[in-house]
Every structure is written in structure tokens, then in C-alpha cells.
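I have placed the structure first, in the form of C-alpha cells, so that the comments after it can refer back to it.
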Amino acid sequence: MNDPLQAPRGQPRQRFDLEETGFNEVPIRFRRFYRRWRGPGDALAPNEALCPVCKVVIRSTRELRAGDRVYCMPCMSRLELIDDNGMLVAKVLY
Amino acid sequence: MANQDDPHLLGEADFRNTVHSFEFWFEAVEGYLHGRPYGVSPHVAEAELTDRQRDGLITTLCNYCVGETAALDASSGMIGFAPDRRAKIFLATQVVDEGRHLEILLHRLSQLGVADPDAEIAARANRNLLTFRDRLLDFVNASDWEASVFAQNVILECLEFTVFRHHSGTADPVTAELLRGIVSDERRHMGFGENDLGRRLIGAPHTHDRLHKIKRDLDGLVLNTFVETMGELGIPPSEQPDLAGDYLGAVARLGFRT
């Protein structure tokens, strides 16, 4: 699993400034790290992952890669990103 | 320098201590409940309902009350045999959520002209849901933590999450807004159940077979309740939400196959 505190290996990761998204289901200081999934027409940015448990979009200040660990605060899940046939998907870590 | 508000930089123990707390709960619910008496913004106006729509909505809300009362009774009972303090604190927040859900649903029934909600709920309650409630409370009365978390926080909460989320997209504006607030609470309840049980199954794999049997016993009740609720809402099968995507997805992640 990648340690988010360590410098990334290989290609440098893109960095992202997170704006407020209107998501209001976690304390104010954490709200920009999440947004609502807008349905089939929606697409994930390189710094985003969809929580398989509660269907909220998790956002990071950096590009996400396989092996990264992120948290879904709205449903309190710990997730690891895995490469599934070229697609990045989030898997729950118990 | 690391952003101190970045949740993804928390260690696992810090993360769980943060989210399983009243501090977290207060600040989370403030975001979507502040300024919304009984879960609804004052500016949201009532839509005109036909008699048939109103009657169908009353039946649906009566059954939501059955589910929420079951969750209120179960989650409050589970505090007494929860395995650790974090779980007790989380369940205390869930009890408050369930009590609020019941209160706002009863308030909505009164707005729809129901004078005696207890009588109405008794007359309209879904038999499958009542049987499910009895099974859940049997687990709680037996202080069976794994079965209680499974039945309540995985099965019942997944069912409610799926149904309420879909219903909020088709309901009249007042009902829709109060349901959206409930769905926001259900995310925590459902996530707590799946994560607690997931950790527990890793430590005690023999529990898996016992829970699988419980799942097989309860599946029919859950699916029948779902189908009947969709019927009350007048939603044709082709437009029904994907219960499999939520409930069966959650149990599959926990290692249960149908």
C-alpha cells in the first residue's frame, strides 16, 4: 500500500486544489474532500474515487493511483484503490 | 506541509476515533439538518397529491415507520452488549438518528391527515417487514452482536438506503427532502455495519457460516418487502432501483454469495 506521506515514485503526481462542492454530510473542514455522485453521466477526475459502500465520490489533493489508501468519512470506510483491467476502483479494507 | 484537514492522511485508529464520535456526528448532521424543522426547509411547498397518491404515500410511510422503529429498538438494545466503547458511542448516535427518523415520518403522516398513526401503521404494516423486525429483535434479545449488526446495519440499512434514495428522486418535494436527510444518516449506519462485520469476520471466520444461514433465512423477507414497497410507490419493475447493487453488493463484499 502506498504511504500518502511519502513522495510518489515514477511520474510525478498531479496536484489539485479542492473547491467546495456543496457536500454537507461531514464536518465543514472535511467537506471539500467529498462530493455527490451525479449519476450515469458523471465521470471521475484523476483525483477521485467512488465509494462502493455509500456511492459518494472521494476526492484527494493529488492524483490517485493503485495502492493508495483513502477514507470515506460519510460511511466511515477505509478503502484501497486497485487496478481492475485498467480502471481504478475502490475496495473496502476491513 | 501536510494539510491537517486532509482525512486521507489520518492513521486508521485516528480515523475511527474521529468518525465514531459525537463530535463528528454533531458537525455532520448540522450540515444537512440545520434550519430544516422536521427535516424540511421552510420554503419547500406542498405539492398537490391525488387521493390515490396520498393513500399510497401513507402506506409507504407507515412501513418506513415500522423499519425505523425496529432500528430504534434494536440499536438502543445493542448498546448494552456492544463489544467496545467506540461501538457504544456510535450506536448512541444511531439511536438519536433513528428516533429523529421516526419523529419526522410521524410528523409527515400527520401533515397527510393521519389522525391515529399507531392504528394506521398497524393496519398497513407489511407482514414480511414485521417478521424481519421480530427476527432482528430476537438477535438483540439474545445479545448476539454479529447477527444483530448483520440484520440491522447491513441488511435493514441497505434496504432502507436503496429504497429511500430512489423514493427521494420521485417523491413530492416535502417527502423528498426529509428522505434525503435520512439517507445521509443511513450512510453512516450502513458503513458501520459493513466495516464492523468485515473486521470481525477476518478475526473469526467460523462466524461466516452462521451468518450465511441467517442471510438465507432473511433474504426472502427483505426482497419481498422491497417488491411490495416498490408496488406501493407505483414504480414498475423496469424503473425499480438496483437493490442488488446495494444489498447484494454489500453482502458479496463480506464474502456471502447467494
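For segment B:87-103, check the following and say yes or no: at least one residue is modelled with pLDDT of 95 or more, farther than 19 Å from residue B:184 by Cα and not in a helix (DSSP H, G or I).
no
Would you be able to tell me the number of residues in segment A:45-74 that are of a type in the set (S, T, N, Q) and either crowded, with 23+ Cβ neighbours inside 10 Å or under 8 Å from the mean Cα position of the chain (by Cα) (or both)?
The qualifying residues number 2.
Scan segment A:10-21 and give yes if some residue there is among the small types (Gly, Ala, Ser) and loosely packed, with under 13 Cβ neighbours inside 10 Å, otherwise no.
Scanning segment A:10-21 turns up at least one residue that is among the small types (Gly, Ala, Ser) and loosely packed, with under 13 Cβ neighbours inside 10 Å.
Kindly indicate which of A:25, A:19 is in a loop (DSSP other than H, G, I, E, B), at the interface with chain B (Cβ under 10 Å from one of its Cβ atoms) and either within 15 Å of the chain's Cα centre (by Cα) or under 26 Å from residue B:87 (Cβ atoms) (or both).
Going through A:25, A:19 in turn, just one is in a loop (DSSP other than H, G, I, E, B), at the interface with chain B (Cβ under 10 Å from one of its Cβ atoms) and either within 15 Å of the chain's Cα centre (by Cα) or under 26 Å from residue B:87 (Cβ atoms) (or both): A:25.
Pull out all pairs, ordered by first then second residue, where Cβ-Cβ is under 8 Å, the residues are six or more apart or on different chains, the first lies in segment B:9-23 and is without any contact (Cβ under 8 Å) to a residue 12 or more places away in the chain, and the second is of a type in the set (Phe, Trp, Tyr).
As it stands, the answer is B:10/A:71; B:15/A:71; B:18/B:24, since those pairs meet every condition given.
For residue B:47, indicate whether it is small (Gly, Ala, Ser), surrounded by 13 or more Cβ atoms within 10 Å (Cβ to Cβ) and in contact (Cβ under 8 Å) with a residue 60 or more places away in the chain.
Spelling it out, it is not the case that residue B:47 is small (Gly, Ala, Ser), surrounded by 13 or more Cβ atoms within 10 Å (Cβ to Cβ) and in contact (Cβ under 8 Å) with a residue 60 or more places away in the chain.
What helices (runs of 4 or more DSSP H) lie completely within segment B:141-258 and have 2 or more residues being within 14 Å of the chain's Cα centre (by Cα) and within 14 Å of chain A (Cβ to nearest Cβ)?
B:157-170, B:173-203
Can you tell me which residue in segment B:1-40 is surrounded by the fewest Cβ atoms within 10 Å (Cβ to Cβ), limited to those that are in a loop (DSSP other than H, G, I, E, B) and more than 8 Å from chain A (Cβ to nearest Cβ)?
Ranking the candidates gives B:1 first.
Which ones in segment A:28-44 are surrounded by 15 or more Cβ atoms within 10 Å (Cβ to Cβ) and either at the interface with another protein chain (Cβ under 8 Å from one of its Cβ atoms) or under 15 Å from residue A:89 (Cβ atoms) (or both)?
Hits for segment A:28-44 are A:30, A:31, A:33, A:44.
Take residue A:2 and decide whether it is away from every other protein chain (no Cβ under 12 Å), out of contact with any strand residue (DSSP E or B) (no Cβ under 6 Å at 6 or more places or on another chain) and at pLDDT below 95.
In short, no.
The values are calculated or read from the model by the stated rules, or taken from the named source; none is laboratory data. Note that this is a predicted model, so its numbers are computed, not measured. Positions of Cβ are backbone-derived with ideal geometry, glycine not excepted, and every protein chain shown enters the neighbour counts.
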